[in-house]
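The values are calculated or read from the model by the stated rules, or taken from the named source; none is laboratory data. What you see is a predicted model; the values in this text were computed from it and never measured. Note that each Cβ is placed from the backbone with ideal geometry, even for glycine, and that neighbours are counted across all protein chains shown. Side chains included, ligands, DNA and RNA excluded: accessible areas come from the protein's heavy atoms. Shrake-Rupley method; radii C 1.70, N 1.55, O 1.52, S 1.80 Å.
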Amino acid sequence: VKTIGVLTSGGDAPGMNAAIRAVVREAIGKGMDVKGIYQGYKGLLNAEIVDLSARDVSDIISRGGTILYTARSQEFRTPEGQQKAAEVCRQHGIEGLVVIGGDGSFAGAGKLAELGINTVGIPGTIDLDIACTDYTIGFDTAVNTAMEAIDKVRDTSTSHERCSIIEVMGRNAGYIALWCGIANGAEDILLPESYDYDEQKLINHIIEMRKRGKKHHIIINAEGIGHSSSMARRIEAATGVETRATILGHMQRGGSPTCRDRVYASMMGSYAVDLLAEGKTNRVVGVKGGEWVDFDIAEALKMQKSLPEYMVRVAKALSI
Ligand code: F6P
């Protein structure tokens, strides 16, 4: 493989820039040329492609977002779009492609692999919802950002002796909610994986905690459950406890990546290039039990992941 491309796709995540830097420098170190593709698969279809040198990725390791921009492309989901994308790769001499993103982006990489472009995926999402890996780039920064914001809400919640519902991102997964729930000492954590939608239980819990002398009641609500504002209104009416909802939103996706995100991104970026250099294709990079691993994309997409039950149990045990 003489020339590789790199793109970021789907929702951005802090650490994507560190991964781009690692891909570029590892490849250049191996004597390859590197092309940066703007705006994910959408930019690939429009041939928004530039040469990247080692200097082009200077000073980006500490920056949030992605210098290559990102997008979601409807056209690329069609067989015609995929054919066109493979053709654009061939026209630009791109024999190998590193795709930094989530499951949807990997499915696209799998299609390109079928069409003769060697592809490797790197898990980049704040949601931690990729089954083939214990870690996804961006999660650590996102949970730290959310944790700091929730600490601030907690201060005012205590002063006013309120109940606060704080909604965190995660799409259909509850990892951010669970980690913040533990880190922020929440009284309740609503997880899409296990929430039974019995609001009366939640109301009873708030009343019981009040009787036990709790000054605030922090509820971390996962985006996958949502409806925090209407939930707050119902809880206030049923408990008589003033209740406010805060939706943290996209602030969780920004900011300078933590050390963990920079290091994992750097390792995964280099590992992806190692795989391409060995002629491998249709792979997703991951980390399992502290080891760097890679899986066939189709196999990776079939894998299932569930919230660690022990963590859920501990979160409950510590909220009394
Ligand atoms: O996948 C990352 C994520 O931030 C999810 O947590 C959230 O559901 C989604 O992306 C939001 O997407 P958008 O930026 O398109 O609103």
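Please grab the % of Cα pairs in segment 230-273 that end up more than 13 Å from each other.
On the way: 657 of 946 pairs.
Percent of Cα pairs beyond 13 Å in segment 230-273: 69.
Scale the Cα Rg of the chain by the rule-of-thumb value 2.2 N^0.38 Å and send over the ratio, two decimals. Walk me through the numbers before you get to the answer.
Working: Rg = 21.7 Å, N = 320, 2.2 N^0.38 = 19.7 Å.
Dividing the Cα radius of gyration by 2.2 N^0.38 Å gives 1.10.
If exposed means no more than 14 neighbouring beta carbons inside 10 Å and the site is in a DSSP loop, what's the longest run of the chain without any exposed GluC sites (Glu not before Pro)?
Result for the longest clean stretch: 1-160.
Cα centroid distance between segment 178-248 and segment 299-315, in Å?
First find each Cα centre; the distance between them is then 22 Å.
Percent antiparallel among DSSP beta bridges with both residues in segment 1-104, to the nearest 5?
Here the share of antiparallel DSSP bridges comes out near 30 percent.
Relative contact order for the chain using alpha-carbon pairs under 8 Å, separation at least 6, rounded to a whole percent?
Numbers: 715 pairs, mean separation 75.1, N = 320.
Computed over the chain, the figure is 23 percent.
In whole Å, what three semi-axes, largest first, describe the equivalent ellipsoid of segment 1-135 built from its Cα gyration tensor (square root of 5 times each eigenvalue)?
Listed largest to smallest, the semi-axes of segment 1-135 are 20, 19, 13 Å.
Accessible area of residue 244, 1.4 Å probe, to the nearest 10 Å²?
Counting only protein heavy atoms, the figure is 100 Å².
Taking a threshold of 26 Å on the Cα-Cα distance, which of the pairs 214/305; 201/302; 35/84 fall above it?
The pairs that break the limit, which is 26 Å between Cα atoms, are 214/305; 201/302.
Taking only DSSP H segments of four or more residues, each worth -39500 (n - 2.57), what value at 222 nm results for the chain once the sum is divided by all its residues, to the nearest 500 deg cm²/dmol?
Per the formula, -13000 deg cm²/dmol.
Relative contact order for segment 48-181 using alpha-carbon pairs under 8 Å, separation at least 6, rounded to a whole percent?
16 percent
Between residue 91 and residue 259, how high is the FRET efficiency from 1/(1 + (r/R0)^6) when r is the Cβ-Cβ distance and R₀ = 45 Å? Nearest 0.05.
0.70
Could you look at the chain and say what percent of its accessible area is carbon and sulfur, using a 1.4 Å probe and all protein chains?
Of the solvent-accessible surface of the chain, carbon and sulfur hold 49 percent.
Using θ = phi - 60° and the Karplus curve 6.51 cos²θ - 1.76 cosθ + 1.60, what whole-Hz ³J(HN,Hα) does each residue of segment 123-140 get, with Gly and Pro shown as x?
x, x, 6, 6, 7, 6, 9, 9, 5, 7, 9, 6, 9, 10, 4, x, 4, 5
Per residue, how many Å² of accessible area does the chain show with a 1.4 Å probe?
With the other protein chains kept in place, the chain gives 43 Å² per residue.
Full-extension gain between residue 33 and residue 159, please, as 0.36 nm times their residue separation minus the C-alpha to C-alpha distance.
Additional length available on full extension: 39.6 nm.
How large is the accessible surface of residue 2 in square angstrom, using a 1.4 angstrom probe and rounding to the nearest 10?
130 Å²
Which FRET efficiency value, to the nearest 0.05, do you get for residue 212 and residue 233 by plugging their Cβ-Cβ distance into 1/(1 + (r/R0)^6) with R0 = 35 Å?
So the FRET efficiency works out to roughly 0.90.
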